[in-house]
Amino acid sequence: MWQGQLGTVFANPVYISTAIFIAWAVVTFAILLPNIQLIGVVLFSDTVSAIEKVYFLFSLYGSIGTNFTLVSALSAVVIAVLFGINVTLLLYYIRRVRGAASSIRSTGVAGISGLISGVLGLGCAACGTFVLTSALALVGAAGIITYLPFKGVEFGFIGIGLLLYSTYSIIQKINSPLVCRVE
């Protein structure tokens, strides 16, 4: 059932391109986020040429192998791919239904929740979960993460679970007929 519907949606090159672009954007966000201050310094520097700035940005993709643990790197890539698939399926469904956005509200919320939870779990080997540590530090609770069994990577697992649920829900809605049930 999943393969048939995914094959139908992703037979269209526009949907494949959309999913790849969204997944790339999410991975890029995950890689660049921990380096945001450094990026700002380099991009706004007058002593660095434009070519060097572009090269610098592309060189940061290598940090996924050095700044992230294996689990957090895999989690970030899986979240990105699932989010790309999820958004693409949601776009397909919205175009198919045209105007029945209320029936996809819960599915969209699960997908966005999965992405947010996954982003909270992003982190590198040195600083742990980057976003969650920073957010908890604002309220003085950054040490709570050290008591979690996987030091915050749990949020990545929760994000993957929510995105899988959301993708499953969208596929179910795509498979269901576009008519009202007669009882």
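The values are calculated or read from the model by the stated rules, or taken from the named source; none is laboratory data. Just so it is clear, the structure is predicted and the values come from calculations on it, not from any experiment. Neighbour counts are summed over all protein chains in view; Cβ atoms, including those assigned to glycine, are modelled from backbone coordinates with ideal geometry.
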> Taking the condition more than 30 Å from Ile171 (Cα to Cα) and in contact (Cβ under 8 Å) with a residue 60 or more places away in the chain, does Thr88 pass?
Replying inline: no
> Within the set of pairs 6 or more residues apart or between chains, which connect a residue that is of a type in the set (Asp, Glu) inside the stretch 48-77 to a residue that is modelled with pLDDT of 90 or more with Cβ atoms less than 7 Å apart?
Replying inline: none
> Going by the conditions given, is Gly65 in a helix (DSSP H, G or I) and either in contact with a strand residue (DSSP E or B) (Cβ under 9 Å, 6 or more places away or on another chain) or surrounded by fewer than 19 Cβ atoms within 10 Å (Cβ to Cβ) (or both)?
Replying inline: yes
